[in-house]
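Student: If you scroll down you'll find the structure; I have some questions about it.
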Amino acid sequence: TTFQPNSNSYVNPDHLNYFRFAGQILGLALNHRQLVNIYFTRSFYKHILGIPVNYQDVASIDPEYAKNLQWILDNDISDLGLELTFSVETDVFGAMEEVPLKPGGGSILVTQNNK
């Protein structure tokens with residue numbers, strides 16, 4: 001099992017305090033050389049270390065999704081009619097929301113040239 005911050009944690013007004021507290025506990029354990037049996041996602045480790053995250057980091061969370069992204073990159077998508085945009089639909093407490101992956105991403109179609 002791996003852990004990462006929940007993108008919907010903002011609903012709790014104290015969510016940043018909880019993250020700070022968890023970070024302090026982990027930092028204290030590391031400082032005292034105590035093994036903590038907690039595993040984070042690769043993308044979260046990269047965020048902690050300041051390393052840029054890329055699409056391949058998704059493979060540790062959802063291998064099938066990563067495989068589909070790789071297929072899109074490896075193949076010509078011009079005539080497939082996928083009508084992909086630079087946005088993603090996500091479930092936010094039972095309601096589907098479209099989240100742009102870049103400014104105006106919901107209105108930018110993914111093409112062979114910009115993928």
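The values are calculated or read from the model by the stated rules, or taken from the named source; none is laboratory data. Bear in mind the structure is a predicted one, so any value in this text is a computation, not a measurement. Counting neighbours? That spans all protein chains shown, and the Cβs are built from the backbone with ideal geometry, glycine included. Quick note on the areas: whole protein, heavy atoms, side chains included, nothing else; ligands and nucleic acids left out. Shrake-Rupley method; radii C 1.70, N 1.55, O 1.52, S 1.80 Å.
Student: With Cβ to Cβ distances under 11 Å as the rule, what net charge do the other residues near Ile77 carry (K, R +1; D, E -1)? Before the final figure, lay out the partial values.
Tutor: Numbers: positive: Lys115; negative: Asp74, Asp76, Asp79, Glu83.
My count for the surroundings of Ile77 gives -3.
Student: Follow-up question, since we're still on this one. Under a no-solvent Debye model with one identical scatterer per Cα of the range 1-96, what's log10 I(q)/I(0) at q = 0.10, 0.17 Å⁻¹?
Tutor: -0.43, -1.01
Student: Do you know the relative contact order of the chain, to the nearest whole percent, from alpha carbon pairs under 8 angstrom that are 6+ apart? Intermediate values should be presented prior to the final figure.
Tutor: On the way: 83 pairs, mean separation 19.6, N = 115.
Reported relative contact order: 17 percent.
Student: Give the long-range amide H neighbours of Thr85: residues separated by 5 or more places, or on another chain, with amide H under 5 Å away, using H modelled in the peptide plane at 1.01 Å from N.
Tutor: Excluding prolines and chain starts, which carry no amide H, the hits are Val110.
Student: Using helices alone, I'd like the mean residue ellipticity at 222 nm for the chain: each DSSP H run of four-plus residues gives -39500 (n - 2.57), total over residue count, nearest 500.
Tutor: Values: 3 runs with 37 residues, N = 115.
The per-residue figure over the chain is -10000 deg cm²/dmol.
Student: With +1 on the Cβ of every Lys and Arg and -1 on the Cβ of every Asp and Glu, and nothing else charged, how large is the dipole of the range 13-115 about its Cα centre, in debye rounded to the nearest 20?
Tutor: Charge dipole of the range 13-115: 740 debye, to the nearest 20.
Student: Here is a further query. How large is the accessible surface of Val58 in square angstrom, using a 1.4 angstrom probe and rounding to the nearest 10?
Tutor: Surface open to solvent at Val58 totals about 40 Å².
Student: Okay, moving on. Note down the net charge around Ser87, summing +1 for each Lys or Arg and -1 for each Asp or Glu among other residues with Cβ under 12 Å from its Cβ. Walk me through the numbers before you get to the answer.
Tutor: Working: positive: Lys102; negative: Glu83, Glu89, Glu97, Glu98.
Its environment carries a net charge of -3.
Student: Another question, if that's okay. Please give the FRET efficiency for Val92 paired with Trp71, using the beta carbon to beta carbon distance and R0 = 25 Å, rounded to the nearest 0.05.
Tutor: 0.35
Student: Another one. Which residue, chosen from Gly23, Leu69, Tyr55, occupies the Cα position most advanced towards the positive end of the dipole of the chain, where the dipole is computed from +1 (Lys, Arg) and -1 (Asp, Glu) charges on Cβ about the Cα centre?
Tutor: Gly23
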